[in-house]
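A short worksheet on the structure shown next.
The values are calculated or read from the model by the stated rules, or taken from the named source; none is laboratory data. In this text, all values refer to a predicted model and were calculated from it rather than measured experimentally. Ideal geometry is used to build each Cβ from the backbone, glycine not excepted, and the neighbour counts take in all protein chains shown. Side chains included, ligands, DNA and RNA excluded: accessible areas come from the protein's heavy atoms. Shrake-Rupley method; radii C 1.70, N 1.55, O 1.52, S 1.80 Å.
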2 protein chains.
Amino acid sequence: MSEDAPPFQTQDHDSLTIPLLSHQQRSINSTSQVAIVGANVCPIESLDYEIVENDFFKQDWRARGKVQIFQYIFMKWLLCFLIGGFVSLAGFFNNLAVENIAGVKFVITSNMMLAQRYWMAFLVFSLSNLALTLFAAIITAFISPAAAGSGIPEVKAYLNGVDAPGILSIRTLIVKIVGSIAAVSSSLLVGKAGPMVHTGSCIAALFGQGGSRRYGLTWKWLRFFKNDRDRRDLVTCGSAAGIAAAFRAPVGGVLFALEEMASWWRSALLWRAFFTTAVVAIILRALIDVCLSGKCGLFGKGGLIMFDVYSANVSYHLADVPPVLALGVIGGILGSFYNFLLVKILKVYNLVNEKGTFYKIFIACTISIFTSCLLFGLPWLVSCQSCPSDASEDCPTIGRSGNYKKFQCPPARILTLQLSTMLIFFVTCFILSIFSYGIVAPAGLFVPVIVTGASYGRFIGMLIGSWGNLSHGLYAVLGAASFLGGSMRMTVSLCVIILELTNNLLLLPLIMVVLLVSKTVADAFNGNVYDLIMKVKGFPYLETHAEPYMRQLTVADVVSGPLQLCHGIEKVGNIVHILKTTMHHGFPVIDESPHSESPVLYGLILRAHLIALLKKKAFLCTPVQLGADAFRHFSSDDFAKKGLGNVDKIEDIELTDEEMEMFLDLHPFTNASPYTVVDTMSLAKALILFREVGLRHLLVIPKISSRAPVVGILTRHDFMPEHILGLHPSLVRSRWKRLRFQFPLLLKIF
Amino acid sequence: MSEDAPPFQTQDHDSLTIPLLSHQQRSINSTSQVAIVGANVCPIESLDYEIVENDFFKQDWRARGKVQIFQYIFMKWLLCFLIGGFVSLAGFFNNLAVENIAGVKFVITSNMMLAQRYWMAFLVFSLSNLALTLFAAIITAFISPAAAGSGIPEVKAYLNGVDAPGILSIRTLIVKIVGSIAAVSSSLLVGKAGPMVHTGSCIAALFGQGGSRRYGLTWKWLRFFKNDRDRRDLVTCGSAAGIAAAFRAPVGGVLFALEEMASWWRSALLWRAFFTTAVVAIILRALIDVCLSGKCGLFGKGGLIMFDVYSANVSYHLADVPPVLALGVIGGILGSFYNFLLVKILKVYNLVNEKGTFYKIFIACTISIFTSCLLFGLPWLVSCQSCPSDASEDCPTIGRSGNYKKFQCPPARILTLQLSTMLIFFVTCFILSIFSYGIVAPAGLFVPVIVTGASYGRFIGMLIGSWGNLSHGLYAVLGAASFLGGSMRMTVSLCVIILELTNNLLLLPLIMVVLLVSKTVADAFNGNVYDLIMKVKGFPYLETHAEPYMRQLTVADVVSGPLQLCHGIEKVGNIVHILKTTMHHGFPVIDESPHSESPVLYGLILRAHLIALLKKKAFLCTPVQLGADAFRHFSSDDFAKKGLGNVDKIEDIELTDEEMEMFLDLHPFTNASPYTVVDTMSLAKALILFREVGLRHLLVIPKISSRAPVVGILTRHDFMPEHILGLHPSLVRSRWKRLRFQFPLLLKIF
């Protein structure tokens, strides 16, 4: 050991000589066990991804024949198909509803404008917006607060292993779909991509419930999905389907799920996600084919976002590189600044939200009125101009998109897209989208970011004017890409999504450059917007990489107590006591056999399985070890993971005093192959094991064998920086704390 | 434990009572330690991806300041930039050379044909082909046999953790580039995508060497890359760059590396691979811009493969679905049949290759002559026709691509693409590509598969004729997609590569469907072509998923002996003896301290580190534990992983008898945090840990603490089915052996 070792190294040395159990009993992990889900604070817990290998399950697997394996594989693909189908229907319905509601609103307002009844038009516009926002806010606040916001942070946390009741319930699903339609139709600057991802995940999670006994929707073939691993896979496919439906970008959807959402990925999952989004693409195409024949009201044709570069003949040369690089740099700075402001506003909103539902709804209404005023009022600031003589299109353009808008101008005079117009539009979008995100209604970030980015991109394109070869539309695309890159920090998935949106592969090199530059610049300031939001919401997200200071700590330095043990054959009363007095979800099982002088670690048993055992009441009168007899009373359904937070509670089980004196043989139900680490292992390597294998509990065993066979249990919370830095405050000042270069000065100004 | 437990379960029970060390000494892992690399049999070894956490390295990390971290990050990106640059240069040079060599050959032959000197034309054609093939075969056979074949299986194995000398050497690189140009120019039906992937990987590996002392190319900033983890990341980026350069498909390249090549993936790596391919895309575009001004000889414009659907106005309806599905099914069947035949032929070639270099070259020449005869002779079989009166293009078309070729026909008569033409072409390609792959020259599979698939796709398109809405060119694309899907079994990456090749995003849903169907159908018969080739070549590839029978085995059932231990303070003579008598690459270090009655496992030390210690000869006269003193004699360079198979051998170190009696304190150089599993852990869970964390050695510790502190070491070879099924032959007949449904009957016919 080096001479200038930091103080915590000495502590480490001590731990080899003093008994560890007493050492850790002094530290209790006080990390918060709640997080903000949507708009409410909820308790959270971890998901079980580990394969529980106990004798009972081994027996169950051995009993599975080819038929069961076929059922499982068939159902996996059928569920993906169904997820794709329902998500595309939800996406289509969303699109249809928004275009019709917003379309009717626009037609009425527009006709009043043409009739010069401006005040009336404003009243209709703002009141209809207010009504829609109010509706969205009320259903969200009262029926399912978990449906507020984009949902992407919550789903991302779920896929990382953090569960919260209600994130993926049917209630959330309905409110998310209806609320998103209302919010988007109400002219709020909120997107639908995030809500679509959440919708897709909800649909996938519902299919993964293994049916519902309450509603009589049970099917034997669904029983294999009653575990967190298969549900995670389905939710990953669902989130891919959400993006695919929102942007009609099937490949982009898969990549989005892979790059941004999923924490664990296998190539088999890639294939299933691809299948799901292919289903979405095909069904959406068929539905839109139906609508093109004019049966869907005001429903338009084409993608959702039209950059108008579809048919553009893109050619670019070296001279175009500097403005493109500049766009990337500006996008990176703006994007990280956007993230910074968004998080600040979100914190303020969280404070207000704590005061009650009324305040939440009040904020939403305020934002709606503010938005209506801006959207209606700003165009008046622009002065009217006469039509240019060399106009290549109709002037003014009425009833379709175009550069020359009549608005309130006198005949033969129009509003054009001027530099000042673009600047005002950009600033408005920037501010509105930041303030609109946190309201108590489904609200996505993708579309606001795209619109904001496109507006500053076009602004810069106009500034550059005829110096470059690129059209203004192309600058708008690149601006959107840079702002997306600066805010969301994805690369491949954003690139493919933008390509699929613009339908122009020739843009590829330019978009790649812009995304790389903006992400690089933005990463110097802060993190991905979803990660920042997750942090504000309090989700214990497990990062892939270990922080450098974790290499200098051992597992024994962070493991917290007190540790609760079970014995291989345990008294019922003791089990009830342990379950009632702790909130732990896993307990080491110890064998103190009369043959060996020291106790031996047999394995790990889950709280849910203990409760299932207590519920069955198949107790023993004497402490004897059962053989295969133990399985008689149980079916694998008894130990299947319940869906949707339907957790059996220990308080609900009533046991007589007589039963409390009886015994349970835990051996057949104990996971006899839990992953273990030695207490002297470095924390960094324990984290890698924990994260890569996807654990919920990691048993810590002592290095020197003469002591107790288990020292403690590591959970997700033990790897959180708050916990570690709380235990070892000296690390806060250590230069090891952060590898990432930061420019805190720039951000501390605010 | 259940009553009907299989026999090996009983063995498991025994192992809890009898001493394990004697139990495993009876089984020695006899798995082969060699594999066929390119065209030669070479020894292989595993790569070290685990972070070695010994006191020396910890000290070294602590000494790294912000400057070093900046150097490391900067170099990571700079190397990616350089890889992208060099790979794009290699790709461009390859393209330029092939188009010029093949072009000159074509022009000369074509002029002779026009002059009706047919025999002379054939002579020139076949002799130039033979000369080029001979050249490629000779340089491959004599200079670098590792450059034979596509290289994708070798690189895939490398990224899985299997190293072989010469896979990624500079010699292989040069032969691969030059040989690939010669082979492709020689009209052999071999591709250049696979060789480009190998070229990219070689370039990346060379940059990851940390400079070269021999050539004076050392730079302090490069020292951080002297480990297998960073090299693996670079090679992943290099393989992505290879596909990007071969197909001008940057996004497809990243996805190919992700889906097919890499065994471990992080989102940070996604970003760097994306950066690398962006560099490739931009440099290639710039180079082609230069060539468009006519400075590159016969070098043409556009992508490498022209499906002629670039400008096609694609519209399709429900009626087009059945033929598209049929294409997918046929592609799947043909693709798996192709894989099956390819592997059979490869096995035959391997037998012939073993006989000597002359036979290898003889095969290559035979294939070349055979190819020349077919290519020149087959068109004579087609009867000449007169130009159609409604021809939409020049008839005949001379000097450019077109449907009406004059060839040997009398004036005003032409060869057209008839049904029989397409069928003959398809069969020829199918057979030629299978026979051409295994020859001793760089030979890719992508292009032959695309050409073969496109020919049968067009054949089916012609069969369907005017019943459908899709053009023949589109059928060719879909046929290529289905054959690729059936043979290579990728989804997202193939989809994106085809989109980038055709430059038409409207095809997306059709391509997705075709790929999904063909992969599903083909997976029922056999595996991915690269996986099959890897198996034939004998690479111990570690799969992600555990086979079901592994759940029924414990670690103790497969761990093999004899185990060699070191002591914390060990006699030099003992270390030399251990290193000379075993080929193991890692040894457990045991402390038998006088204070504890039983020995304690201190950690794991690598063979390379032991050799480095012996080489320095910093021995101790008495067995005392050193503190920080131990570091004085060493720099981190001494323990850096050598590049390119430059391994120090124990035989090269000369020690006096006096030195052999001295001692070494191994503690500061022992990885004190190795991953461990208990011997009763199920093999499936040990494999998950081994695979997900990317280990080379996994220590097995006993469950009951009173015995020796370590029971054995698991390596990659212990997880190979051959080893496990060799130890437990009863499993071969067990229904647990395979989950995958197979139709062995169909394939056993051959």
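Yes or no, residue by residue, for (1) in a helix (DSSP H, G or I); (2) closer than 30 Å to B:ASP531 by Cβ; (3) in contact with a Cys (Cβ under 6 Å, 6 or more places away or on another chain):
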| site | (1), (2), (3) |
| --- | --- |
| B:THR109 | yes, no, no |
| B:MET112 | yes, no, no |
| B:ALA121 | yes, no, no |
| B:ASN129 | yes, no, no |
| B:ALA141 | yes, yes, no |
| B:PRO153 | yes, yes, no |
| B:LYS156 | yes, yes, no |
| B:ILE167 | no, yes, no |
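Put simply, of A:LYS617, A:LYS649 the only residue that is more than 14 Å from every other protein chain (Cβ to nearest Cβ), modelled with pLDDT of 80 or more and on the phi > 0 side of the Ramachandran plot is A:LYS617.
Restricting B:VAL41, B:VAL52 to residues that are in a strand (DSSP E or B) and either modelled with pLDDT of 75 or more or over 36 Å from the mean Cα position of the chain (by Cα) (or both) narrows the list to B:VAL41.
Identify, please: which residue in the range A:63-109 is without any contact (Cβ under 8 Å) to a residue 40 or more places away in the chain and open to solvent by less than 30 Å² (accessible area, probe 1.4 Å) and is, among those, nearest to A:MET196 (Cα to Cα)? Of everything passing the filter in the range A:63-109, A:THR109 is nearest to A:MET196 (Cα to Cα).
Scan the range B:514-563 for residues that are under 19 Å from B:GLY453 (Cα atoms) and within 13 Å of chain A (Cβ to nearest Cβ) and report the count.
The qualifying residues number 12.
On the stretch given as the range B:195-226, residues that are under 24 Å from B:ALA146 (Cα atoms), at pLDDT below 85 and polar (S, T, N, Q) total 2.
Could you tell me whether the range B:286-297 includes any residue that is assigned to a loop (DSSP other than H, G, I, E, B) and away from chain A (no Cβ under 14 Å)?
Looking through the range B:286-297, at least one residue is assigned to a loop (DSSP other than H, G, I, E, B) and away from chain A (no Cβ under 14 Å).
With respect to being open to solvent by 20 Å² or more (accessible area, probe 1.4 Å) and either at pLDDT 80 or above or among the charged types (D, E, K, R) (or both), B:PHE587 falls outside the description.
Only residues that are out of contact with any Gly (no Cβ under 6 Å at 6 or more places or on another chain), surrounded by fewer than 23 Cβ atoms within 10 Å (Cβ to Cβ) and part of a helix (DSSP H, G or I) were counted in the range B:462-500, giving 7. Does B:ILE511 meet the test of being more than 14 Å from chain A (Cβ to nearest Cβ) and among the β-branched types (Val, Ile, Thr)? When the stated conditions are applied, B:ILE511 does not pass them.
The residues of the range B:414-461 that are part of a loop (DSSP other than H, G, I, E, B) and over 30 Å from B:LEU173 (Cα atoms), listed by number, are B:THR416, B:LEU417, B:GLN418.
Looking only at the range B:665-685, residues that are over 26 Å from B:GLY568 (Cα atoms) and touching a Ser or Thr at 6+ places or on another chain (Cβ under 8 Å) come to 5 in all.
Conditions tested, residue by residue: (1) open to solvent by less than 30 Å² (accessible area, probe 1.4 Å); (2) outside any helix (DSSP H, G or I); (3) among the aliphatic types (A, V, I, L, M).
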| position | (1), (2), (3) |
| --- | --- |
| A:LEU510 | yes, no, yes |
| A:VAL514 | yes, no, yes |
| A:LYS519 | yes, no, no |
| A:GLY527 | yes, yes, no |
| A:ILE533 | yes, no, yes |
| A:THR544 | no, yes, no |
| A:SER560 | yes, yes, no |
| A:LEU563 | no, yes, yes |
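Each residue in the range B:251-273 was checked for being within 10 Å of chain A (Cβ to nearest Cβ), of a type in the set (A, V, I, L, M, F, W, C) and over 24 Å from A:LEU542 (Cβ atoms), and 3 of them qualify.
Going through A:SER682, A:SER635, A:SER673 one at a time, which residue ends up being of a type in the set (Ser, Thr, Tyr) and open to solvent by 20 Å² or more (accessible area, probe 1.4 Å)?
Matching residue, one of A:SER682, A:SER635, A:SER673: A:SER635.
Taken together, the residues in the range B:251-295 that are open to solvent by 40 Å² or more (accessible area, probe 1.4 Å), at pLDDT 85 or above and under 20 Å from B:THR502 (Cα atoms) amount to 1.
Do we find that A:VAL711 is surrounded by 24 or more Cβ atoms within 10 Å (Cβ to Cβ), more than 8 Å from chain B (Cβ to nearest Cβ), within 30 Å of A:THR544 (Cα to Cα) and at pLDDT below 90 in this structure? Yes, satisfied. Evaluated against (1) within 14 Å of chain B (Cβ to nearest Cβ); (2) closer than 16 Å to A:HIS697 by Cα; (3) polar (S, T, N, Q), A:THR582 falls short on exactly one condition, (1). Among the residues of this structure, B:PRO594 does not count as one that is at pLDDT below 90 and assigned to a helix (DSSP H, G or I).
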